[in-house]
Amino acid sequence: MLLRHARSLLFLPASNRRAITKARTLPCDMVILDLEDAVPDDRKEEARANAIEAAGEGFGGRLCAVRINVEGTPWHGPEMVAIKRSRADYVVLPKVENLKQVKDVFSVCQKPVIAMIESATGVIAAASIASAEGAAGLFMGTNDLRQDLGIPPSAGREGLSFALQSVILSARAARIAVFDGVFNRLDDEAGFEAECAAGHAIGFDGKTLIHPSQVPVANQVFGPDAQAVADARRLIEAATGGAERFEGRMIESMHVEEAKALVARAEAVIS
């Protein structure tokens, strides 16, 4: 699966072996083995060993990433060395604010880097971060970004609108994937679905998640529905080149490429 085809990207603490085992039964598109915020300091080394072992065993066709701790912590260096030797597909780097952070991690890990944008400085630098050597995608770290911007936890996402769109624009300009931040209220399924729909509408490829119960909704919202795929297949088959009429509307090569991308996404995701 290509990173940009992922709909549901599930964070789980690498210290939790039970959660790792369960992830292999879930229809998520990426498993993110977390060594950072979800793991207490006294279990960091255990979590690192679990993550490397789990990446080696694989997740049945799902993409696998490991989120490491930031530079300056005692775990950063050992984690990068371990990931270089691992079978993880990606390394997730938190709290990125400049392209050097991405380049440095990529040079050691030799794995594509997904950079988390979690601060005002990160948003402003997103275009250069997205263009860094080794950058494969961007994650919105909306919880930390809210705090950095002084947005109350009870507020909606209106205050994040400019930042969200800026990061999407940066990713698209660099031709890399981009994913929406997590939704914390686990008992608010309607709110989660609405946030997924809003994120999809402004251009995110998928959504980062913190609980298995969120996977089906993310897959439904960010995945192409059957009717859209059927329409795309008919368009591709009918197109003969140049501008032409198709089922009551005008199409050209751009629409054919969009249809092909939609079909490719539908064929790539895990059912």
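Remarks
- Pairs of lysine residues in the chain that meet both criteria, 8 or more places apart or on different chains and Cα atoms under 30 Å apart, total 26.
- Based on C-alpha pairs under 8 angstrom that are at least 6 apart in sequence, the range 219-260 has a relative contact order of 37 percent.
- For the range 1-149, the share of accessible area belonging to carbon and sulfur comes to 49 percent (1.4 Å probe, ligands and nucleic acids excluded).
- Surface composition of the range 195-271: carbon and sulfur make up 55 percent of the accessible area, probe 1.4 Å.
- For the chain, the solvent-accessible area with a 1.4 angstrom probe is 47 square angstrom per residue.
- The range 98-165: radius of gyration over Cα atoms, expressed as a fraction of 2.2 N^0.38 Å: 1.19
- Inter-label distance, HIS211 to GLU158: 2.7 nm, where each label sits 7 Å from its Cα along the C-beta direction.
- Under the convention that each Lys and Arg Cβ holds +1 and each Asp and Glu Cβ holds -1, the size of the dipole of the range 94-186 around its Cα centre is about 180 debye.
- ARG67 sits among other residues whose Cβ lies under 15 Å from its own Cβ, and their net charge, with Lys and Arg +1 and Asp and Glu -1, is -3.
- The distance between label points at ASN143 and ARG172 comes to 2.9 nm (points 7 Å beyond Cα on the Cα→Cβ vector).
- In percent, rounded to a whole number, the relative contact order of the chain is 18, using alpha-carbon pairs under 8 Å and six or more apart.
- Burial order of peptide ranges 200-207, 5-12 (average beta-carbon count within 10 Å, highest first): 5-12, 200-207
- More than 26 angstrom apart: percent of Cα pairs within the chain: 43 percent
The values are calculated or read from the model by the stated rules, or taken from the named source; none is laboratory data. Since this is a predicted model, take the numbers as computed values, not measurements. With ideal geometry, Cβ positions are generated from the backbone for all residues, glycine too; neighbour counts draw on all protein chains shown. Just so you know, the surface numbers come from the protein's heavy atoms only, side chains and all, with ligands and any DNA or RNA stripped out. Shrake-Rupley method; radii C 1.70, N 1.55, O 1.52, S 1.80 Å.
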